[in-house]
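Written below as C-alpha coordinates is the structure these notes are about.
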Amino acid sequence: KTSSSSKIVLNVGGFKHETYISTLRNIPDSRLCNLGERHQSMNKASEYDANKNEYFFDRHPGVFAHILNYYRTGKLHCPNDVCGPVFEEELQYWGIDEEQVETCCWELYKQHREKQEKLKCFKLPGFDDTEESPLLTSQDSGLFEAEDVISWWSRVQPKIWKSLEEPHSSQLAKV
(Lines give C-alpha, C1' and ligand atoms only; values in the text may rest on other atoms or scores of the structure.)
Protein backbone atom coordinates (compact mmCIF):
# COMPACT_ATOMS: atom_id res chain seq x y z
CA LYS A 1 0.00 0.00 0.00
CA THR A 2 1.29 3.46 -0.90
CA SER A 3 1.61 6.05 1.87
CA SER A 4 -0.04 9.47 1.66
CA SER A 5 3.43 11.08 1.63
CA SER A 6 3.94 9.64 -1.85
CA LYS A 7 0.94 11.63 -3.11
CA ILE A 8 1.11 15.12 -4.55
CA VAL A 9 -1.60 17.75 -5.10
CA LEU A 10 -1.47 19.83 -8.27
CA ASN A 11 -3.78 22.83 -8.55
CA VAL A 12 -4.01 23.75 -12.22
CA GLY A 13 -6.12 26.77 -13.05
CA GLY A 14 -8.15 26.29 -9.86
CA PHE A 15 -8.81 22.57 -10.36
CA LYS A 16 -7.06 20.24 -7.94
CA HIS A 17 -5.58 16.97 -9.11
CA GLU A 18 -4.16 14.41 -6.71
CA THR A 19 -1.82 11.74 -7.95
CA TYR A 20 1.15 9.66 -6.91
CA ILE A 21 4.68 10.94 -7.33
CA SER A 22 5.47 7.62 -9.00
CA THR A 23 2.89 8.51 -11.69
CA LEU A 24 4.79 11.71 -12.47
CA ARG A 25 7.96 9.68 -13.04
CA ASN A 26 6.33 7.85 -15.96
CA ILE A 27 7.33 10.61 -18.39
CA PRO A 28 11.07 11.28 -17.82
CA ASP A 29 12.59 14.70 -18.43
CA SER A 30 9.23 16.46 -18.22
CA ARG A 31 8.21 19.33 -15.94
CA LEU A 32 6.05 17.08 -13.75
CA CYS A 33 8.71 14.38 -13.47
CA ASN A 34 11.21 16.99 -12.30
CA LEU A 35 8.62 18.41 -9.91
CA GLY A 36 8.01 14.99 -8.37
CA GLU A 37 11.73 14.42 -7.86
CA ARG A 38 12.16 17.85 -6.24
CA HIS A 39 9.11 17.26 -4.02
CA GLN A 40 10.51 14.01 -2.65
CA SER A 41 13.92 15.55 -2.03
CA MET A 42 12.16 18.31 -0.04
CA ASN A 43 13.57 20.88 -2.47
CA LYS A 44 10.16 22.35 -3.29
CA ALA A 45 9.64 24.24 -6.54
CA SER A 46 8.54 27.88 -6.57
CA GLU A 47 4.98 26.79 -7.46
CA TYR A 48 4.63 25.10 -4.04
CA ASP A 49 2.18 26.62 -1.54
CA ALA A 50 3.16 25.32 1.92
CA ASN A 51 -0.06 26.57 3.54
CA LYS A 52 -2.21 24.51 1.16
CA ASN A 53 0.33 21.72 0.67
CA GLU A 54 -0.10 21.90 -3.11
CA TYR A 55 1.56 23.14 -6.26
CA PHE A 56 -0.26 25.85 -8.20
CA PHE A 57 0.04 26.33 -11.96
CA ASP A 58 -1.92 29.05 -13.74
CA ARG A 59 -2.46 26.91 -16.82
CA HIS A 60 -5.40 25.52 -18.82
CA PRO A 61 -7.18 23.09 -16.46
CA GLY A 62 -9.06 21.20 -19.20
CA VAL A 63 -5.91 20.43 -21.14
CA PHE A 64 -4.07 19.45 -17.97
CA ALA A 65 -6.56 16.66 -17.30
CA HIS A 66 -5.47 15.09 -20.60
CA ILE A 67 -1.80 15.63 -19.78
CA LEU A 68 -2.11 14.01 -16.36
CA ASN A 69 -4.01 11.13 -17.94
CA TYR A 70 -1.02 10.67 -20.28
CA TYR A 71 1.20 10.19 -17.22
CA ARG A 72 -1.27 7.60 -15.91
CA THR A 73 -1.91 5.63 -19.11
CA GLY A 74 0.99 6.38 -21.44
CA LYS A 75 -1.48 7.52 -24.12
CA LEU A 76 -1.69 11.20 -25.05
CA HIS A 77 -5.06 12.25 -26.46
CA CYS A 78 -5.95 15.73 -27.69
CA PRO A 79 -9.15 17.26 -26.27
CA ASN A 80 -11.85 17.98 -28.86
CA ASP A 81 -12.78 21.35 -27.39
CA VAL A 82 -9.31 22.92 -27.66
CA CYS A 83 -7.59 24.11 -30.82
CA GLY A 84 -4.21 22.69 -31.80
CA PRO A 85 -2.10 25.76 -30.89
CA VAL A 86 -3.47 25.82 -27.32
CA PHE A 87 -2.72 22.12 -26.87
CA GLU A 88 0.72 22.59 -28.44
CA GLU A 89 1.52 25.45 -26.05
CA GLU A 90 0.52 23.33 -23.06
CA LEU A 91 2.62 20.39 -24.28
CA GLN A 92 5.62 22.70 -24.57
CA TYR A 93 5.06 24.12 -21.10
CA TRP A 94 4.82 20.67 -19.48
CA GLY A 95 7.82 19.40 -21.49
CA ILE A 96 5.98 16.77 -23.51
CA ASP A 97 6.98 15.92 -27.07
CA GLU A 98 4.12 16.46 -29.54
CA GLU A 99 5.16 13.25 -31.29
CA GLN A 100 3.55 11.41 -28.37
CA VAL A 101 0.03 12.44 -29.49
CA GLU A 102 -1.92 9.27 -30.34
CA THR A 103 -2.60 8.59 -34.02
CA CYS A 104 -6.36 8.84 -33.46
CA CYS A 105 -5.88 12.48 -32.38
CA TRP A 106 -3.00 13.47 -34.66
CA GLU A 107 -5.19 14.88 -37.45
CA LEU A 108 -7.19 17.02 -35.02
CA TYR A 109 -3.98 18.24 -33.39
CA LYS A 110 -2.26 19.17 -36.68
CA GLN A 111 -5.38 20.58 -38.38
CA HIS A 112 -4.66 24.23 -37.55
CA ARG A 113 -1.02 24.08 -38.63
CA GLU A 114 -1.93 22.45 -41.96
CA LYS A 115 -4.61 25.08 -42.64
CA GLN A 116 -2.08 27.84 -41.96
CA GLU A 117 0.31 26.25 -44.48
CA LYS A 118 -2.42 26.04 -47.12
CA LEU A 119 -3.39 29.67 -46.60
CA LYS A 120 0.18 30.73 -47.34
CA CYS A 121 -0.39 29.95 -51.03
CA PHE A 122 -2.82 32.86 -51.19
CA LYS A 123 0.13 35.18 -50.64
CA LEU A 124 1.15 34.64 -54.27
CA PRO A 125 1.29 37.63 -56.63
CA GLY A 126 -2.23 38.51 -57.65
CA PHE A 127 -3.65 37.00 -54.45
CA ASP A 128 -1.79 38.98 -51.81
CA ASP A 129 -3.90 41.21 -49.55
CA THR A 130 -1.16 43.83 -49.42
CA GLU A 131 -0.89 44.11 -53.21
CA GLU A 132 -3.22 46.76 -54.56
CA SER A 133 -5.77 45.19 -56.86
CA PRO A 134 -7.86 47.23 -59.30
CA LEU A 135 -10.91 45.18 -58.36
CA LEU A 136 -10.59 46.19 -54.73
CA THR A 137 -9.72 49.86 -55.20
CA SER A 138 -11.29 52.69 -57.12
CA GLN A 139 -9.98 55.70 -58.94
CA ASP A 140 -10.69 59.22 -57.71
CA SER A 141 -13.81 59.23 -59.87
CA GLY A 142 -15.10 56.18 -57.99
CA LEU A 143 -15.04 54.02 -61.13
CA PHE A 144 -12.68 51.28 -62.23
CA GLU A 145 -10.67 51.72 -65.35
CA ALA A 146 -11.53 48.96 -67.82
CA GLU A 147 -7.86 48.54 -68.77
CA ASP A 148 -6.92 47.88 -65.12
CA VAL A 149 -9.54 45.15 -64.76
CA ILE A 150 -8.51 43.53 -68.03
CA SER A 151 -4.83 43.73 -67.08
CA TRP A 152 -5.48 42.19 -63.67
CA TRP A 153 -7.64 39.41 -65.12
CA SER A 154 -5.09 38.60 -67.81
CA ARG A 155 -2.46 38.05 -65.08
CA VAL A 156 -4.67 36.02 -62.75
CA GLN A 157 -6.72 33.95 -65.22
CA PRO A 158 -3.92 31.55 -66.28
CA LYS A 159 -3.09 30.81 -62.63
CA ILE A 160 -6.71 30.08 -61.78
CA TRP A 161 -7.23 27.88 -64.84
CA LYS A 162 -4.03 25.95 -64.25
CA SER A 163 -4.92 25.31 -60.61
CA LEU A 164 -8.37 24.03 -61.64
CA GLU A 165 -7.14 21.88 -64.52
CA GLU A 166 -3.99 20.54 -62.84
CA PRO A 167 -4.78 19.90 -59.15
CA HIS A 168 -1.18 19.03 -58.23
CA SER A 169 0.48 21.93 -60.06
CA SER A 170 0.86 24.23 -57.04
CA GLN A 171 -0.02 24.85 -53.40
CA LEU A 172 -2.98 26.96 -54.56
CA ALA A 173 -4.29 24.07 -56.65
CA LYS A 174 -4.15 21.71 -53.68
CA VAL A 175 -6.48 23.96 -51.69
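The values are calculated or read from the model by the stated rules, or taken from the named source; none is laboratory data. This structure is a prediction, so every number in the text was calculated from the model and none was measured. All Cβ positions, glycine included, derive from the backbone under ideal geometry; neighbour counts span all protein chains shown.
Closer than 15 Å to residue 27 by Cα and under 15 Å from the mean Cα position of the chain (by Cα), is that true of residue 99?
Values: closer than 15 Å to residue 27 by Cα: yes; under 15 Å from the mean Cα position of the chain (by Cα): yes.
In short, yes.
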For residue 68, which of the numbered conditions (1) at pLDDT 90 or above; (2) out of contact with any helix residue (DSSP H, G or I) (no Cβ under 7 Å at 6 or more places or on another chain); (3) among the hydrophobic types (A, V, I, L, M, F, W, C); (4) outside any helix (DSSP H, G or I) fails to hold?
(4)
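Yes/no matrix, rows are residues, columns are (1) loosely packed, with under 14 Cβ neighbours inside 10 Å; (2) under 30 Å from residue 111 (Cβ atoms); (3) in contact with a strand residue (DSSP E or B) (Cβ under 9 Å, 6 or more places away or on another chain); (4) among the basic types (Lys, Arg):
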residue	(1), (2), (3), (4)
8	no, no, yes, no
11	no, no, yes, no
20	no, no, yes, no
33	no, yes, no, no
42	yes, no, no, no
48	no, no, yes, no
58	yes, yes, yes, no
86	no, yes, no, no
91	no, yes, yes, no
Among the residues of the stretch 22-37, are any of a type in the set (A, V, I, L, M), touching a Gly at 6+ places or on another chain (Cβ under 6 Å), part of a helix (DSSP H, G or I) and modelled with pLDDT of 95 or more?
yes
Do we find that residue 108 is surrounded by 11 or more Cβ atoms within 10 Å (Cβ to Cβ) and at pLDDT 60 or above in this structure?
yes
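Yes/no matrix, rows are residues, columns are (1) under 22 Å from the mean Cα position of the chain (by Cα); (2) farther than 26 Å from residue 114 by Cβ; (3) at pLDDT 95 or above:
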{"site": "4", "(1), (2), (3)": "no, yes, no"}
{"site": "10", "(1), (2), (3)": "no, yes, yes"}
{"site": "16", "(1), (2), (3)": "no, yes, yes"}
{"site": "19", "(1), (2), (3)": "no, yes, yes"}
{"site": "42", "(1), (2), (3)": "no, yes, no"}
{"site": "59", "(1), (2), (3)": "yes, no, yes"}
{"site": "64", "(1), (2), (3)": "yes, no, yes"}
{"site": "80", "(1), (2), (3)": "yes, no, no"}
{"site": "84", "(1), (2), (3)": "yes, no, no"}
Do the conditions hold for residue 82, that is, is it part of a helix (DSSP H, G or I) and of a type outside the set (D, E, K, R)?
no
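Being of a type in the set (Phe, Trp, Tyr), in contact with a Phe, Trp or Tyr (Cβ under 9 Å, 6 or more places away or on another chain) and without any contact (Cβ under 8 Å) to a residue 12 or more places away in the chain narrows it down to one of 48, 55, 109, so name that one.
Details: 55 fails: without any contact (Cβ under 8 Å) to a residue 12 or more places away in the chain; 109 fails: without any contact (Cβ under 8 Å) to a residue 12 or more places away in the chain.
Selected residue: 48, the only one of 48, 55, 109 that is of a type in the set (Phe, Trp, Tyr), in contact with a Phe, Trp or Tyr (Cβ under 9 Å, 6 or more places away or on another chain) and without any contact (Cβ under 8 Å) to a residue 12 or more places away in the chain.
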